[in-house]
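What follows draws every value from the coordinates through simple rules; no lab data is involved. Since the model is a prediction, treat every value here as computed from it, not as a measurement. When we count neighbours, we look across all protein chains shown, and the Cβ atoms used for this are built from the backbone with ideal geometry, even at glycine.
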Amino acid sequence: MKTILMLPYGYILAHVVRLLEIAKELKKRRYKIIFAGAGHYLHLIKKEGFDVLSLLEANHQNLMSAIRKNKIKFIGFEELENLVKADISLYRKINPNLVLSDGRISALLSTRIYGVLHGAIVNASSTEYRSVPYLPLLPFLTKTDLKKVWQTLQMFNVKLECKVFNLLMRNYTKLSKKYRLNKPVKTSEFLTGSDFTLFPDLPEYFPTYNLPQNFYYIGPITWKSNLTAPSWFTTLRDDKSVIYITMGSTTQRDIYKLIHQLFKNLNYQVVITTGEQLKDKKMFLIPGKIFIEDYVNGDLIMKKSKVVICHGGNGTIYQAIKNGVPIIGIPTHHDQSYNMKRVESLKIGIKLDYNKFRKSPQLLIIALQKILTNSHFYKAIEKYQKIIERYNPIKRAVNIIEKYIKKI
């Protein structure tokens with residue numbers, strides 16, 4: 001029996017559930033699955049009966065603070081090297097046939113140093129092959145303006161972003177040099193796999209260019225929750241008044257208070273999930289009007305909802321597309337803002353600036369009314385809903401994994 005070591009970033013729900021869903025299928029195919037990491041979402045893995053070993057992780061608060069402040073140097077040299085050493089110590093102990101990572105920032109370095117087969121799950125937007133830049137040099141230029149010129153500028157823009165990233169954040173290349181890697185790790189590729197990379201994406205949502213043959217679109221992976229319907233589920237109305245609010249695992253907590261104040265006197269039924277971020281969530285509960293839980297079966301609630309309000313995380317965005325529900329996103333860091341720009345470009349939702357929302361919460365109601373009264377949002381998302389239906393992401397991911405692991 002071959003052993004697969006899975007390394008999720010356990011502080012962010014999406015990184016955990018994507019590996020978890022793949023692990024379930026690999027277990028059925030008689031692979032030995034071991035998880036390792038740190039973070040409060042790892043308990044979801046333990047509930048499914050998998051072994052979870054403790055593994056040193058980057059300081060979550062410092063990492064998220066750096067991301068929210070758009071700091072290019074998001075981790076120090078010494079801390080990164082300590083993560084690499086912890087990885088390698090674990091590889092020696094377990095001797096895995098494959099390491100599969102999702103958000104483990106040291107995995108590409110450590111697997112190359114140790115010499116073990118490595119695959120990674122990462123969104124296409126976080127790689128140097130994205131065709132849409134984070135910071136457009138000419139934001140006023142659109143695709144309709146001289147298409148070939150536009151495409152060339154987009155490619156140049158992305159290459160420039162990666163070049164700057166690699167020059168200003170050199171800890172990966174420094175460690176590559178220290179450990180004498182024949183193939184140094186660049187910062188712009190740090191979340192990808194050494195041997196293969198899986199994109200849990202739609203190319204229509206996150207397009208790429210010059211994609212290597214060992215990079216694969218597998219389709220969105222969303223959490224297949226087996227949670228039963230809450231007791232209040234049957235009280236949800238079958239009209240345009242049900243709103244689903246799910247702010248992921250990285251949002252600013254004051255958003256919940258703002259949302260509660262905004263909706264408590266309005267004629268909507270609001271379902272809120274907190275992802276265990278609020279200890280005092282019961283204070284937000286208003287029977288028959290505002291329902292609040294740590295987790296719910298997202299697919300079940302979305303089938304009743306007319307709009308999803310979220311943080312702009314890809315897991316929620318894809319789940320909303322899957323269920324044909326337009327999106328309002330209130331991102332709190334750059335990656336989420338980038339995601340919501342893509343949502344707006346596909347005309348399937350609206351992006352709200354977090355700071356403007358804090359100053360004027362009524363902006364959320366204006367955006368909500370705009371979606372509810374314009375059918376084009378629903379027609380646009382139906383198009384991408386049909387595209388998602390073509391994918392079987394778990395089966396495709398596992399088939400690709402087996403292709404590589406059978407070569408050993």
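Miscellaneous remarks
- Take the Cα radius of gyration of the stretch 243-315 and divide it by 2.2 N^0.38 Å, N being the number of residues; the result is 1.00.
- Cα-based Rg / Dmax (Å) for the stretch 233-388: 14.2, 40
- Gain on full extension, evaluated as 0.36 nm per residue between Tyr295 and Ile408 minus their Cα-Cα distance, stands at 36.7 nm.
- Here's the picture: charge each Lys and Arg Cβ at +1 and each Asp and Glu Cβ at -1 in the stretch 233-388, and of Ile348, Asn297, Pro287 the one pushed furthest to the positive end of that dipole is Ile348.
- Sequence-distant residues sharing a close amide H with Met6 (under 5 Å, placed H): Ile34, Phe35, Ala36, Leu100
- Inter-label distance, nm, simple model (7 Å from Cα along the C-beta direction), Lys303/Thr152: 5.2
- Subset of Lys2/Lys24; Lys370/Lys395; Lys28/Lys279; Lys351/Lys386; Lys71/Lys351; Lys24/Lys183 violating a 27 Å alpha-carbon distance limit: Lys370/Lys395; Lys28/Lys279; Lys24/Lys183
- At q = 0.06, 0.11 Å⁻¹, base-10 log of I(q)/I(0) for the chain (Debye sum, equal scatterers on each alpha carbon): -0.24, -0.84
- In Hz, Karplus ³J(HN,Hα) per residue of the stretch 78-94 (6.51, -1.76, 1.60; θ = phi - 60°; x = Gly, Pro): 5, 5, 5, 5, 4, 5, 4, 4, 5, 4, 4, 4, 5, 4, 5, 6, 9
- Each peptide among 109-116, 176-183 gets the average number of other Cβ atoms lying within 10 Å of its residues, and from highest to lowest they stand as 109-116, 176-183.
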